[in-house]
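Note sheet for the following structure.
The values are calculated or read from the model by the stated rules, or taken from the named source; none is laboratory data. It should be emphasised that the depicted structure is a prediction, and the values quoted were computed from it without experimental measurement. All Cβ positions, glycine included, derive from the backbone under ideal geometry; neighbour counts span all protein chains shown. Side chains included, ligands, DNA and RNA excluded: accessible areas come from the protein's heavy atoms. Shrake-Rupley method; radii C 1.70, N 1.55, O 1.52, S 1.80 Å.
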Amino acid sequence: MASTWFVFVIGVILVATADAQLSTNFYNSRCPRAVAKVAEVVKAAVTRDRTLAPALLRLHFHDCFVRGCDASVLLDSRPGVPGEKEAFGNKGSLRGFQVIDSVKSQVEALCPGVVSCSDILTLAARDALQQFAGFNWSVPLGRRDGVISSVNEANNDLPPPSLNFDSLVRTFNRKGFTTKEMITLSGSHTIGVAHCSTIQSRLYNFSQTSPTDPSIDPTFAASLKRQCKFGDTRTTIKMDQTTSVDTWNTNYYSNVVGGRVLFQSDDATKRNSEGLKVVQNYNTRGSPFNADFAAAMVKLGRLQALTGTQGQIRRKCNVIN
Ligand code: HEM
């Protein structure tokens, strides 16, 4: 009798674990055209406006780092309950919401109530980068959507650009990422833009003895000051200033080495012997950056994913059902 129970309990555990796993063919039977539809809409959007690729990449990162990849970043604030959109790292800078909404409504038309907003966000980051950069990875699917979005959690979990090496490592370790993976994912800063607000203190108010961060290459600092005047918080400037048009490449790492990156957090990646080795390894011919980046993105997409009967499949991404 006891052994029958044991077999039963093990069986239940196995089923629960299998349920909890994400799989690349999750929608094959549930909504066979979903994955292609997401790609079609996202790629058309990126073709119209290339800057949507970095925007969608960042949206996915900011979703997964707060409560896991549960599309909580997409939820609107409710009266008296400010959501993640209000957080310092999100307000006025996160973009791409309209692409996700457009994908969602077209996928809902195919299969109502089947495809989660969190899977759409994860696929959108991959599809956008594929359109932008031409490289690809398989996305495990089957996430479900959360029902909570909290500004305080986002402020706690999202890394600010002022972080030093140890704080960066801690912030990513807390979410299960190694130092190397943190530096791999930071390579995203080879594309996209930042607001002048994010570098004001580094340019004009760094310390008592040095108003400008001395770790910035002086010519680069002068150029940044021309683009971001004292007090300017609204202008956006390119992350990678070595090309006029963004392409996906390893420039981020040569910029880190040369002191030509926007944030202290970028510069910090080389301020430790382990970090410096990773940066130098990516800044080589035959750099393993793309392969490592794809693997780190798949890992990012698995972060605290809700599966099975957890959460819900939102009908609209900005509100819970
Ligand atoms: C390591 C810690 C990180 C910090 C401190 C950080 C901080 C920032 C900041 C301050 C901006 C500028 C936002 C603005 O002013 O509009 C930004 C932009 C961006 N970040 Fe990060 N980030 C980090 C890691 C990541 C990761 C892991 C990814 C992706 C996997 C990522 C992807 C991006 C992209 C693509 C942009 C450009 C967005 C656009 O063009 O709209 N970042 N980041």
Give the shape of region 71-144 as rounded, prolate or oblate, defined through the alpha-carbon gyration tensor: a ≥ b ≥ c are the square roots of its eigenvalues, a/c under 1.5 means rounded, and otherwise the shape is prolate if a/b is larger than b/c and oblate if not. oblate
In Hz, Karplus ³J(HN,Hα) per residue of region 58-68 (6.51, -1.76, 1.60; θ = phi - 60°; x = Gly, Pro): 5, 4, 5, 4, 5, 5, 5, 6, 10, 6, x
May I ask you to evaluate 6.51 cos²θ - 1.76 cosθ + 1.60, the Karplus curve with θ = phi - 60°, for each residue of region 140-148 and list the ³J(HN,Hα) values in order in whole Hz, giving x for glycine and proline? x, 10, x, 5, 10, 8, x, 10, 10
Which whole-number percent gives the relative contact order of region 165-299, counting Cα pairs below 8 Å spaced six or more residues apart? 31
What is the packing order of peptides 149-157, 252-260, taking the mean over residues of other C-beta atoms within 10 Å and listing the highest first? 252-260, 149-157
Cα-Cα over 30 Å: which of LYS104/LYS225; LYS104/LYS175; LYS104/LYS270; LYS91/LYS238; LYS180/LYS316? LYS104/LYS225; LYS104/LYS270; LYS180/LYS316
Given axes a ≥ b ≥ c from the Cα gyration tensor, I'd like to know whether the chain is rounded (a/c under 1.5), prolate (a/b larger than b/c) or oblate. prolate
Estimated FRET transfer efficiency when R0 is 41 angstrom, pair GLN200-SER23 (beta carbons, to 0.05): 0.35
Residue among PHE165, SER207, THR269 farthest towards the positive dipole end of region 161-297, charges placed on Cβ: SER207
Which of the trypsin sites (Lys or Arg not before Pro) found in region 73-180 are loop residues per DSSP with 14 or fewer other Cβ atoms within 10 Å of their Cβ? LYS91, ARG174
Centre separation in Å (Cα based) which lies between region 125-179 and region 239-301: 16
Cβ-based net charge around ILE199, under 11 Å, with every Lys or Arg adding one and every Asp or Glu removing one: -1
Would you mind computing, in nm to one decimal, how far apart the modelled labels at GLN304 and ASP232 are, each placed 7 Å from Cα along Cα→Cβ? 3.8
Once the dipole of region 26-158 is set up from charges on Cβ (+1 Lys and Arg, -1 Asp and Glu), the residue from the list ASN152, PRO79, GLY134 lying farthest towards its positive end is GLY134
For the chain, what is the mean residue ellipticity at 222 nm derived from helices alone (per DSSP H run of n ≥ 4: -39500 (n - 2.57); sum divided by total residues; nearest 500 deg cm²/dmol)? -14500 deg cm²/dmol
Which whole-number value in Å² is the accessible area per residue of region 241-321, probe 1.4 Å? 48
Given +1 on the Cβ of Lys and Arg, -1 on the Cβ of Asp and Glu, and no further charges, what dipole in debye does the chain carry about its Cα centre, rounded to the nearest 20? 320
How much length is gained on full extension from THR284 to PHE135, taking 0.36 nm per residue of separation minus their Cα-Cα distance? 51.8 nm
Give me the distance in nm between label points sitting 7 Å out from Cα along the Cα-to-Cβ direction at ASN173 and THR247, one decimal. 3.9
Which order do peptides 70-79, 273-282, 236-245, 116-125 fall in by mean Cβ count within 10 Å, highest first? 116-125, 70-79, 273-282, 236-245
So what is the diffusion coefficient of region 26-158 in µm² per second by Stokes-Einstein at 20 °C and 1.002 mPa s, using a Kirkwood Rh over Cα pairs? 144
Pick from GLU84, GLU40, GLU181 the residue whose mean-square fluctuation is largest in a GNM of the chain, springs joining Cα atoms under 10 Å. GLU40
Output ³J(HN,Hα) for region 77-85: one whole-Hz value per residue in order, computed from phi by the Karplus curve 6.51 cos²θ - 1.76 cosθ + 1.60 with θ = phi - 60°, and x for Gly and Pro. 5, 10, x, x, 10, x, x, 4, 4
